[in-house]
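Colleague: First the structure, then my questions, so here it is.
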Amino acid sequence: MIVRRTATWLDERFGTNTFLHAALAKIYPDHWSFYLGEFALYFFMVLVGTGIWLTFAFDASAQGAYPSVLALADRSHPIGYVIRQVHHWAAVCFVAAILVHMGRIFFSGAFRKPRELNWMIGVCMLMLASFTGFTGYSLPNDGLSGTGLRIAYSVALSIPLIGRWAAGVFVGGDDFPAPLLTTHLYTLHVYYLPVTIGVLLALHLFFVVYQKHTQFVRDPKRVVGRRFWPDYALRTVAALGATLAVLALMATFFEINPVGDYGPYRPWIVMNGAVPDWYAAFLEGALRLGPRTEFVIAGHPIPPVFWPGLVLPTLTFLFLLAWPFIEVRVTGDRAAHDVLQRPSAVPLRVAVGAALIFEGLLLTIAAGDDQTAATLHVPLDTLVWIYRVALLAGPFAVGLLAARIAVEVHVRTPDDGPPRPDAVVLVRNAAGGYVEEEVQAG
Amino acid sequence: MLTLAPWLLTVVLAAAPTGADIYATACASCHGAQQWGSPDGPSLHRVGMADVDFYLMTGRMPAAKPWIEVAHRDERAGQALPLGHIRALEAYLAPVVAGGPPLPEVASGNLARGYQVYAVNCQQCHAVGGNGGSIGRADWAPALHQATINEVADAIRAGPGEMPRFGDQQFTQADLDDVAGYVLSMQIAQPGSGGPPFPSTGPVPEGALGYVAIIVLIAFVFGSWRHDRKA
């Protein structure tokens, strides 16, 4: 009743009914893997919501940041600590969800023409999300994150020619820690980065709707799936509920980032086993495995951290960004595609994807190489060399193996791909009304 | 395990073995009959009672293997010799080891100051929360979760293995009391101010749990989707 009256009220002023009819009846392809992007979206929404709450409690100055975060544990903020835990857990899960979603897009070929731009927007959002997380956990100005910031500062310093200027821009001063560093991080983390992600996200979703979601069903002319209302809408609300439930459980039972233990950041205090949050850990691993060689190019010495700390992530980012075009170049497939592929259909993609995942995993694990060495009772030097060899030879071995497996799997699957899921068809009955029929499409 | 042999030996010995007996049975084969050492173990002359007490009380000595890795990340298994035997051994060795750091007196001190001392002097090796960690090529700073306050004080004054020696010039008695008390306080699970019951052990396990959450969510949507298709 209320809904109808609201709809009428809006329609009389904005003419929304035509839009609503189309929107509510719109067909969304149905596959479990299509919910991965939604998980990322819901984590982002939780981050924004809890983040807004936290801005009322946080003191964005170098001196006041740490005490204000500790104060969340006081009685004066009854749920402050839980909100902070939810926020940090959501950040950890957010980047993980993006990566898994990106994997689905990659291996199913959803990035192919005409969706290359959307893929690039997604890759940009992954980078922005990681950077937002990094600035976020550096805000409390605690011992652990301060160590990471110092490393980032040193990597920025290592840029040839413009290093000192770039590092100065990053920290807002001539040296580390600069007085304005926390304030800079705050404006980045609370304003510039989330707004950019939000705008890109809106574009990302708009393109999905406008270009229509890809589907596994081999029907290039029709979209086969479920209607938005009530099928898809309720399902996506269930996904939101699952996300919130998982976050609530994690924040309630598992502590994350205990800044009270790390103490405030003091440049002369270090701690064994300091690593960044997992999504930045691949950089830490790269730094630990990188060679000590200092090259001198045209009279300019290049600090060794430049290559693993900056060149590697930049090249990776550019490679990911350009992948749709690289694949077109290699496979020669310039056609537009709205139908998804089974991953095994393109062994090259499986090989490259597997190699990238292997490298990423290896570098992430290498970030904790000292803890691994201690646990396994292996000398650290030995472990570093094992990782280095694996880093150089591993992607080829893994890629070849993955391609081989893909070829074998593809040979053994029937040509017409997965069976089509149920379609919902409107059928006019004898009385003249319309009923929905679930049709088991062949 | 490694400590089984000395146990057996000491049990086989007479009801109340003297320090000399224990030394001859459990120590002399590596440290030499006159404590001057051998190719298998260092000299004990002037090493200090703090050193001896640390190795004996933590069970790192008697060691079954010569030059065994004694500074290990793992918690040691506990004292290998019964307390009475350790005291007898210490009494026997007292004239030999005199000249090095003596057995320290310690009592729990100011925790806030202890935290400051720990952060500046200990955290680089023993990590936040006393979790220990790697300290180089093949050495590890052990976790401190089961150390007694006397073991902590012994280690600080004696500097066993790769650990530096913090003598009177580095730590006053007050510093020693403070930091030893703080180390012990880390072992007590702090009831958080409404904090979660499972404490964090660092960003590495946190990241792993994040992926567990993603897997749980994937299982949820996959299971629901399969259920829908079958319905």
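The values are calculated or read from the model by the stated rules, or taken from the named source; none is laboratory data. All figures in this text were calculated on a predicted structure; none of them were measured in a lab. As a convention, Cβ positions derive from the backbone with ideal geometry for all residues, glycine included, and neighbour counts pool all protein chains shown. Note: accessible area is taken over every heavy atom of the protein model, side chains too, but ligands, DNA and RNA are not part of it. Shrake-Rupley method; radii C 1.70, N 1.55, O 1.52, S 1.80 Å.
Colleague: Taking 30 Å² as the minimum loss, tell me which residues in segment A:62-92 lose that much accessible area going from the chain by itself to the full protein complex (1.4 Å probe).
Modeller: Buried-area filter returns A:Ala73, A:Tyr81, A:Trp89.
Colleague: Find the accessible area per residue for chain A; the probe is 1.4 Å, ligands and nucleic acids are left out, and the unit is Å². Before the final figure, lay out the partial values.
Modeller: On the way: 22490 Å² over 442 residues.
I get 51 Å² per residue for chain A.
Colleague: Using DSSP to define loop residues, name the trypsin sites (Lys or Arg not before Pro) in segment A:194-268 whose beta-carbon has at most 16 other beta-carbon atoms within 10 Å.
Modeller: Details: sites: A:Lys212, A:Arg218, A:Lys221, A:Arg222, A:Arg226, A:Arg227, A:Arg235; in loops: A:Lys212, A:Arg218, A:Lys221, A:Arg222.
Answer by residue number: A:Lys212, A:Arg218, A:Lys221, A:Arg222.
Colleague: Can you compute the helix-only [θ] at 222 nm over the protein assembly as shown? Use -39500 (n - 2.57) per DSSP H run of at least 4 residues, normalise by all residues, nearest 500 deg cm²/dmol.
Modeller: One gets -18000 deg cm²/dmol as the mean residue ellipticity at 222 nm.
Colleague: Need the C-alpha centroid separation for segment A:337-409 versus segment A:258-286, integer Å.
Modeller: Comparing the Cα centres of segment A:337-409 and segment A:258-286, I get a distance of 25 Å.
Colleague: With an 8 Å Cα cut-off and a minimum separation of 6 or more residues, compute the relative contact order for chain A in percent.
Modeller: Values: 526 pairs, mean separation 91.5, N = 442.
Result for chain A is 21 percent.
Colleague: Have a look at segment A:238-259 and report residues whose accessible surface goes down by 40 Å² or more when the remaining protein chains are included, against the chain on its own, probe 1.4 Å, ligands and DNA/RNA excluded.
Modeller: The answer is A:Val246, A:Phe253, A:Phe254, A:Glu255 - residues whose exposure falls by at least 40 Å² when every protein chain is included.
Colleague: How are the C-alpha pair distances of segment B:94-172 spread across 10 Å bins, as whole percents from the shortest bin up?
Modeller: Computed distribution, short to long bins: 16, 51, 27, 6.
Colleague: Let me check I have the definition right: for segment A:31-334, take the eigenvalues of the Cα gyration tensor, multiply each by 5, take square roots. What are those semi-axes in whole Å, largest first? Mind dumping the intermediate values first?
Modeller: Working: eigenvalues 250, 161, 44 Å².
So the equivalent ellipsoid measures 35, 28, 15 Å along its semi-axes.
Colleague: Hey, what's segment B:104-190 come to in accessible area per residue, 1.4 Å probe, Å²?
Modeller: 45
Colleague: Continuing with the same structure: Other chains' Cβ within 10 Å of A:374-381 residues: what's the mean? Present the calculation step by step, with values, prior to reporting the outcome.
Modeller: On the way: counts 13, 5, 0, 6, 2, 5, 7, 3.
Averaged over the peptide's residues, the number is 5.
Colleague: For the pairing of chain B with chain A, what total accessible surface becomes buried, with a 1.4 angstrom probe, in square angstrom to the nearest 100?
Modeller: Values: alone 13690 and 24560 Å², together 33930 Å².
Accessible area lost upon association: around 4300 Å².
Colleague: Estimate the FRET efficiency between A:Val199 and B:Glu105 by the formula 1/(1 + (r/R0)^6), using the beta-carbon distance for r and 56 Å for R0, to the nearest 0.05. Show your work: numbers first, answer last.
Modeller: Working: r = 66 Å, r/R0 = 1.17.
Result of the calculation: an efficiency of 0.30.
Colleague: Another question about this same structure. Taking the simple approach of a point 7 Å from Cα along Cα-to-Cβ for both B:Ser38 and B:Ser185, what is their distance in nm?
Modeller: Spacing of the two 7 Å Cα→Cβ label points: 4.7 nm.
Colleague: At 7 Å along Cα-to-Cβ for each site, give me the label-to-label distance between A:Arg164 and B:Glu162 in nm.
Modeller: Result: 3.6 nm between the two label points.
Colleague: Ok, one more. Summarise the accessible area of segment B:104-190 (1.4 Å probe, protein heavy atoms) by the percent that is carbon and sulfur.
Modeller: Working: 2020 of 3910 Å².
The computed percentage sits at 52.
Colleague: Average partner chain C-beta neighbours within 10 Å, per residue of A:31-44?
Modeller: Values: counts 4, 11, 4, 2, 7, 4, 0, 2, 6, 1, 0, 1, 4, 0.
If you average over the peptide's residues, the count of other-chain Cβ atoms is 3.
Colleague: Under 13 Å from the Cα of A:Lys113, which aspartates and glutamates turn up, not counting those fewer than eight places away in the same chain?
Modeller: A:Lys113 reaches A:Glu327, A:Asp333, A:Asp338.
Colleague: Turning to a different aspect of this structure: For the pair A:Arg13/A:Val311, report the inter-label distance in nm, with labels modelled 7 Å from Cα in the Cβ direction.
Modeller: 6.0
Colleague: Assuming R0 = 35 Å, can you tell me the calculated FRET efficiency for the pair A:Arg404 and A:Lys221, based on Cβ-Cβ distance, to the nearest 0.05? If you can, show how the numbers build up before the last one.
Modeller: Numbers: r = 35 Å, r/R0 = 1.01.
Taking R0 as 35 Å, the efficiency between A:Arg404 and A:Lys221 is 0.50.
Colleague: Scattering from the C-alpha atoms of the protein assembly as shown alone, worked out with Debye: what is log10 I(q)/I(0) at q = 0.06 1/Å?
Modeller: Each listed q maps to, in turn, -0.47.
Colleague: Please work out how much length the chain gains when fully extended from A:Ala430 to A:Phe325, using 0.36 nm per residue of separation minus the C-alpha to C-alpha distance, in nm with one decimal. Kindly include the intermediate steps, with their values, before the conclusion.
Modeller: Details: separation 105, 0.36 × 105 = 37.80 nm, distance 5.31 nm.
Taking 0.36 nm per residue and subtracting the Cα distance, the gain is 32.5 nm.
Colleague: If I require 27 Å or longer along the helix axis, counting alpha carbons, and a Kyte-Doolittle average no lower than 0.0, what helices from chain A are left? Use full DSSP H segments.
Modeller: Numbers: long enough: A:36-55 (28 Å, 1.60); A:80-108 (41 Å, 1.12); A:116-138 (33 Å, 0.97); A:233-253 (30 Å, 1.80); A:347-366 (28 Å, 1.76); A:380-412 (45 Å, 1.26).
Correct list, ordered by number: A:36-55, A:80-108, A:116-138, A:233-253, A:347-366, A:380-412.
Colleague: For chain A, with a Gaussian network of springs between Cα atoms less than 10 Å apart, report the residue from A:Ala298, A:Ala129, A:Ala374 with the top mean-square fluctuation.
Modeller: It is A:Ala298.
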